[in-house]
1. Report, in whole Å, the centroid distance computed from the Cα atoms of region A:217-242 and region A:183-206.
2. Please say if chain B is rounded, prolate or oblate, where rounded means a/c under 1.5 for a ≥ b ≥ c the square roots of the C-alpha gyration tensor eigenvalues, and otherwise the choice is prolate for a/b larger than b/c and oblate otherwise?
3. Counting helices only, and only those DSSP H runs with n ≥ 4, report the 222 nm mean residue ellipticity of the protein assembly as shown as the sum of -39,500 (n - 2.57) divided by its residues, in deg cm²/dmol to the nearest 500.
4. Mind checking region A:110-205 for GluC sites (Glu not before Pro) that DSSP puts in a loop (not H, G, I, E or B) and that have at most 13 other Cβ atoms within 10 Å?
5. GNM on chain A, C-alpha springs below 10 Å: top fluctuator among A:Val172, A:Val98, A:Val231?
6. Is region A:147-192 rounded, prolate or oblate when judged by the Cα gyration tensor, a ≥ b ≥ c being the square roots of its eigenvalues, rounded requiring a/c under 1.5 and prolate requiring a/b larger than b/c?
7. Where in region A:1-67 are there GluC sites (Glu not before Pro) that are in a DSSP coil and have at most 13 other Cβ atoms within 10 angstrom of their Cβ?
8. Measure out, as a whole number of angstrom, how far apart the alpha-carbon centroids of region B:35-56 and region A:16-78 sit.
Amino acid sequence: MPSGTIWKGSIHFGDTDVPVKLHSAVKQERIQFHLLHQSDQVRLHQQMFCAYEKIPVPSEDQIKGFEVEEGKYLIVDPEELELTTPESSRMIEVHEFVKSAQISPLYLDHTYYLEPDSDLKAPGYSELAELLQVMNAAGICTWTMRKRSYLGALQASGTLLRLCTMRYADEVISAASLELQEIAVSEKELKIGSDLVNQLTAPFEPYKFVDEHQQRLQKLINKKARGEKVVLLRPRTLQPTPPDGLLQALEASLKKAA
Amino acid sequence: MWNGTISFSLVAIPVRLVKAVTTGRISFRTLHRTDYSPLARKMFCPKHGTVVSPDEIVRGYELVPERYLPITDEELESVSPDRSRTIEIIDFIDLGEVDPLYFDHPYYLAPLKGGEKAYRLLAEVMHRTNKAGLAKFVMVEREYLVAVVSMEGALAMITLHYSGEVLPGDGLAPKDAKLESAEKKRMERSIKNMMADFDPAKYADKRREKVVDLLKLKMKEQAPVEAPALEEEDGEGPADLVAALEEIMREVKKKP
């Protein structure tokens, strides 16, 4: 069963309007830790402190300011910044369509499934999904949901439409910032490396993988909770392949893979 | 943030993890309504009524309400010793086979001293073959399935959701088409007319402009307020302390 409706809106472009309901597509479950005070194991709370008065400040006494010069602030209500389209319009406005393959995975954030909002007679849903699927296209859109503005990609997966929120370009750090130096790798090393990668290629089968660590972590927690001694293991570290041993390591790898 | 080794078959490359995502908005400070003094985020012990410094903080698992079992970093690292310092590529895959639904959080890997050549080779070879590495890797409380991707000469590492976390979407899509063919044609024409190259910078610029416009408007409406001067002490507290706290919060609360 799909999860409940999160929000309702309407996809809009040209003279097309498709009213839809958003459903979560992903749900995360993980072991949760809290932060404790070491001395008494009391759970700590995050709190904002006034640097001047040195007292905790509750959220109703917090305001936002933009620093125009040192120590001088312009008071701004952050909600004013978020509303690109009025939330009441519930419009998911498509600004343009792009080839899906052009969207770097670094931009993709959180995916929602879209269901046609049948209360509002929603013709066009199936046709839009089919067109996006056939054209390998994604609609780049913006909308305002719960007082926040979002940028997203509208895509089809089979007959289902999906909306994936995207990070803004100034939130994605470019690879150039790593300032990698140019290093010569021989054609022979690249050739053997490519052969090796092709040898080791397998289909992507995500259902084969589960978080084995969580199960082991739960065991450790149970053991420790019973007061039993926990044996500490040192993490395994690998010896780096030296640059002049790279070719040899690749050749040995290829032999092993064959 | 983290350093260790990425390996495929018999090749091991020393790397460190680098963030690929940042808060890009023009940033605002949180201020005290009464005196406009900037606020600093601190960890607070309700029992002692004091601020707690990072070296006095431990992780705890809630056994029963209000009762916690402390877990040390060494214990956490000890749970999966094979995977806490090693990103071992199990298979190479076609990235096109990965439904984008699986992508969670991206990072970069940067080579450490001595690993530059093997790093360069892996990035170039994955680029040529159009492949990505699939690996398992443990950070703090969670084991991640990750895709190691070649991107502009660098290695990016994107954590993936487990298939058990993907919810079913069955039955959400309607079974039948409803539009007249003329209307469908019109929709198709609209899409074709609106085709463009993906240029994410323009949306960031638009948002930035909007913020700047609003700030300009506010400048006309109101004078900036002044925070009280602090004696000696920095409003944020020692920078490394704040950074350390933020680091802990990130690790514990959100993602790795």
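1. 33
2. Since a/c reaches 1.5 but b/c is at least a/b, the shape of chain B is classed as oblate.
3. For the protein assembly as shown, the value works out to -7500 deg cm²/dmol.
4. Those satisfying the criteria are A:Glu179, A:Glu182.
5. Of A:Val172, A:Val98, A:Val231, the Gaussian network model singles out A:Val231 as fluctuating most.
6. Details: a/c = 9.02, a/b = 1.81, b/c = 4.97.
In terms of gyration-tensor shape, oblate.
7. Qualifying residues, ordered by number: A:Glu29, A:Glu53.
8. 14
No value in this document is a laboratory result; all are computed from the given coordinates. Note that the structure is a prediction, hence the values are computed from the model and not measured. Using ideal geometry, Cβ is built from the backbone for each residue, glycine included, and neighbour counts are taken over all protein chains shown.
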